[in-house]
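A short write-up of the structure that comes next.
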Amino acid sequence: MPGAQEHRAVGEAALRWTLAQVRRDELGPWVPEHVPPDADGPAPDRDCLYVGAAGLALLVAEAAQARPLDADEAELAAALRQRLEVSSLESSEPSLFDGLAGFAGALRALGSPDRTAVARLAAAARADGWRTTLAGGGEVFHDVGLGTAGIVMAALGAGGEHSSAVVEAGCLALMAAAEEAEGGLRWRMTPGHDVDMPNFSHGTAGTAAALALGGAAQGRPEWVAAAVAGAEHLLALADRSDGGFRLPMRIPYKEGYEQFTYSWCHGPTGTSYLFAALQRADAPVGGTDGGVWRSRCIASVLASGVPERRHPGFWDNDGLCCGTAGVGMMLLDAAQSADGTDEARRLLGAAAVMGDALLARAVVDAEGARWRFVEHRAEEPLLRPSPSWMQGSAGIAAFLLRLARVEAQGPGAVVVRRPDAWWAVPERLLA
C-alpha cells in the first residue's frame, strides 16, 4: 500500500514535469494552459492564480516546505516573485483567480510581503465592489473565484496596511448585495444572475465565508450575523440525510449536469470552508457549532464514492478545483485542525486514499508525472495534461508533497498559506 515515500516520489515527479513546462520571455516565466499548447505564446492571463505564474508560486512554496529548493527552483522562485510584483503594478483585474488578489496571495506564500496589489485593490474599490476587466469588463461579481468574496479572503490572508480597507469595502458591498431567501440570506454570482450556484466557488457559501472572516477580523458582528443568515439559507436548501450536508450544484437543475457534485467549486468539499470560517468566528448555525456542519460536509464527500469513477461524468477530474486533489487538500486541512484526536487520524487516512488514487492515475515516465482528466462526451475522452494550479499538475503536486509531509511529520506540519483556505487550519501552522 502506498505511503509517504510513494506520495512524495510522485509529487516530486509532478513538480519536475510542471517546472519543465515553464517558458521564458522578456517579461518573465509563464506556462501554457495545456500540453501541447494551443498557441506559441502566453495567454493574456499568464500571471493568474488559476492557470498561471501565481499558481506556480504556490507550488514552489510547497516544494520549499518539503526540502531546500535547488538552484533552478530558487531562481524560478525569484523570477516569479519579480514577475508578480510587476504584474501587481500593471494589472487592473482585481480577482482572486485572475488578478491582483491572487498575486497578493502568491507573493505572501513565497514569503514576500505584498507592496502593491492590496493597495491597488483598496484604491479601486467601489460601493458595489470591484469591476472585472474580464469578458468585456465592467461587471461586478460577488463570488470567491472572480469577485468580492475572493478579494476579501485574499486581502485578509495577505495582511499589510491596506488589508483592512479592502475588507471594509468588500464586506460593505456584500452586505448591500444580500438577498432575502428561504431561511436567511443568499448571494448570487452576479446581481440578477438567473442561475444560483450555492456552493463555495460561485455562491452563497463562499460569500458568507468572506463575511464571517471579515467580521471576525474587524470586530463587525453584523457581518458575522449576515454570514450566519447565509449559512441558515443553505441549511434550508441542503440534503442533510444520513448525517451529511450537500447542496445542489445549480438551481434550477439543468439536464445533463450532475444534481450533486462533491468538489471544491460546487460541492461539500468547498462548502466545508464556510463552516470552518464560522467556526473561526465562533458563530453557531442553527444552534450547532460550525465544526459539526464542517464534519457533515466531509461525511457527504466520503459517502459519495469519491475518488471512484462510478459512472460517466462522475469524478472525471483529479485537480484542485473540481477533483481529487481538492478533496485531499480539504481533508488535510480538517485533519490538521483536529490534531491529537482520533478524527485527525481518520481524516489523514481519507486524504491518503485520495493520494493513492492520484498515484494510480498518474502518467509517469522519464519526463515526470502528469494527469489526463476525462471528458466522457468527447470523441477523444482523455484530455491533454495541464501544468496549472487549479486544473493540473501544479496543484496535484502540491497536494502530494503536502500529504507526504503530514504523513511523515504528523498533523502539526507547516501549512502553506493558500489565499482561498488559510483560515481552515490553526494560525500557528501557517507558513
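The values are calculated or read from the model by the stated rules, or taken from the named source; none is laboratory data. Note that this is a predicted model, so its numbers are computed, not measured. When we count neighbours, we look across all protein chains shown, and the Cβ atoms used for this are built from the backbone with ideal geometry, even at glycine. Note: areas computed on protein heavy atoms with side chains; ligands, DNA, RNA excluded. Shrake-Rupley method; radii C 1.70, N 1.55, O 1.52, S 1.80 Å.
Highest mean first, how do 23-34, 247-258 rank when packing is the count of other Cβ atoms within 10 Å averaged over residues?
With the highest mean Cβ count within 10 Å placed first, the list reads 23-34, 247-258.
Length gain on complete extension for the stretch residue 124 to residue 382, per 0.36 nm per residue less the alpha carbon to alpha carbon distance?
Fully extending the segment from residue 124 to residue 382 adds 88.7 nm.
May I ask you to compute the full-extension gain from residue 345 to residue 69, defined as 0.36 nm times their residue separation minus their alpha-carbon distance, rounded to one decimal in nm?
Stretched out fully, the residue 345 to residue 69 stretch lengthens by 96.4 nm.
Which entry is the computed Rg and Dmax of the Cα atoms in Å for this structure: [x] 22.6, 82; [y] 19.8, 57; [z] 22.2, 72?
[y]
Any idea what the relative contact order of the chain is, in percent, if you count C-alpha pairs under 8 Å spaced at least 6 apart?
Computed value for the chain: 19 percent relative contact order.
What shape does region 1-138 have by the C-alpha gyration tensor, where a ≥ b ≥ c are the square roots of the eigenvalues, rounded means a/c under 1.5, and otherwise prolate means a/b greater than b/c and oblate the rest? Don't skip to the end; give the middle numbers.
Working: a/c = 1.98, a/b = 1.65, b/c = 1.20.
Prolate shape, in that a/c is at least 1.5 and a/b is the bigger ratio.
Kirkwood hydrodynamic radius of region 299-431 from all distinct Cα pairs, in Å?
The Cα-based Kirkwood calculation yields 15.3 Å.
Skip the ligands, DNA and RNA, and give the accessible area per residue of region 206-302 with a 1.4 Å probe, whole Å².
Working: 3390 Å² over 97 residues.
So region 206-302 comes to 35 Å² accessible per residue, rounded to a whole number.
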